[in-house]
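Working notes for the structure below.
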Amino acid sequence: IACCHNAFIFGGAERITLDIIQYLSASGEKYNVFLFAPEFAQENFSQDVIQKFRWFKTRNRSKEKSEDIEKLIKEHKIDVLVEVVSHIKNVKKIKQRTGVKVIHANHGIPFWQFYSIIDHYSQDAPTKRSMCNLYRKFWWETLGNARRKAIRRTRRNYIESDVYTVLCDAYKTETCQVLGISPEKSHIHVINNSEKQVENLNLQKENIILYCGRFSYNDKRLDRLIRIWARIENQLPEWRLQLVGDGPERT
């Protein structure tokens, strides 16, 4: 089994990949697990975790990355390739030439690409109301072109995969409705985010609403959380909001 990430640094998608590998390791079956990514941060992981994978670095550009992955699939006789959020170019041809089965794991909301498209094409700062920025907003957001492009990308990923996974039943329902496919006949499957059982709970502690994650506007939208908290803060005097994380908008 090979898991392919855009980068294996340490975030939610990486944690779920690690949880799945832990599960496979504990199942009693023998699995050889490979990790393909253009960028690693092995210093963020324990030696035990590092040893569970066979790590292979690929090139970053789409075409070269695809060539590297196909070569690795052939060399190591990979049976199952898991695309975690990332998209691999020429997946259909890779499947034909290697016989590999492909799982596309959508670790996010349906059609999340909408936000990355908006972010990519909004090059000017949000506060700069330049004509170029206003045109981009009108073309991609107001006219719905970003939404349509996100749907096309999701449809492509769905068609190219043998299994397409989402995080909850509501996401499956929405994806099927928008793509116009039958939930019963689709190859969309729900795999909820895993949570390990916590023992020895300590309930004698402060009342804290805790956010842990990346500080990134286009996919995390911390501004919404802060606005919600501002509306209810006075109703919860014994509680406080705490934000923990890092990212491009930490400051």
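The table that follows gives values for the structure above.
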read-out: Residues residue 187 and residue 50, FRET efficiency given R0 of 35 Å [Cβ-Cβ distance, rounded to 0.05]; value: 0.60
read-out: Selection from 27, 73, 46 lying farthest towards where the dipole of the stretch 1-73 points positive, charges on Cβ; value: 73
read-out: Value at 222 nm in deg cm²/dmol, rounded to 500, when DSSP H runs of n ≥ 4 in the chain each add -39,500 (n - 2.57); value: -12000 deg cm²/dmol
read-out: Rounded if a/c under 1.5, otherwise prolate or oblate - the stretch 128-211, Cα gyration tensor axes; value: oblate
read-out: Spin-label pair residue 41/residue 212, simplified geometry with 7 Å Cα→Cβ offset, distance in nm; value: 1.5 nm
read-out: Partners for residue 95 among lysines (Cα-Cα distance below 16 Å; same-chain residues under 8 apart left out); value: 63, 65, 71, 74, 77
read-out: Probe 1.4 Å, all protein chains present, accessible-area order of 91, 198, largest first; value: 198, 91
read-out: Positive-end extreme of charge dipole, the chain - chosen from 17, 247, 115 (charges on Cβ); value: 115
read-out: Calculated FRET efficiency for the pair residue 145/residue 250, C-beta based, R₀ 35 Å, to 0.05; value: 0.65
read-out: For the chain, the longest site-free run once chymotrypsin sites (Phe, Trp or Tyr not before Pro) in DSSP loop states with at most 14 other Cβ atoms within 10 Å are removed; value: 32-251
read-out: Extension reserve of the residue 156-residue 74 stretch, reckoned as 0.36 nm per residue once the Cα distance is removed; value: 27.1 nm
read-out: Within straight-line cross-link reach of residue 196, lysines at Cα separation under 29 Å, skipping those fewer than 8 residues along the same chain; value: 30, 52, 101, 172, 205, 220
read-out: Simple Cβ-charge dipole of the chain, Lys/Arg +1 and Asp/Glu -1, about Cα centre, in debye nearest 20; value: 1220 debye
read-out: Efficiency of FRET from Cβ geometry, residue 230 and residue 63, R₀ 41 Å, rounded to 0.05; value: 0.30
read-out: Rounded accessible area of residue 149 (nearest 10 Å², 1.4 Å probe); value: 40 Å²
read-out: Estimated inter-spin distance, residue 178 and residue 197, nm [label 7 Å along Cα→Cβ]; value: 3.7 nm
read-out: Heavy atoms of residue 94 accessible to a 1.4 Å probe, total area in Å² rounded to 10; value: 0 Å²
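The values are calculated or read from the model by the stated rules, or taken from the named source; none is laboratory data. Please read all numbers here as calculations on a predicted model, not as lab measurements. Please note: Cβ atoms are built from the backbone with ideal geometry, for glycine as well, and neighbour counts cover all protein chains shown. Side chains included, ligands, DNA and RNA excluded: accessible areas come from the protein's heavy atoms. Shrake-Rupley method; radii C 1.70, N 1.55, O 1.52, S 1.80 Å.
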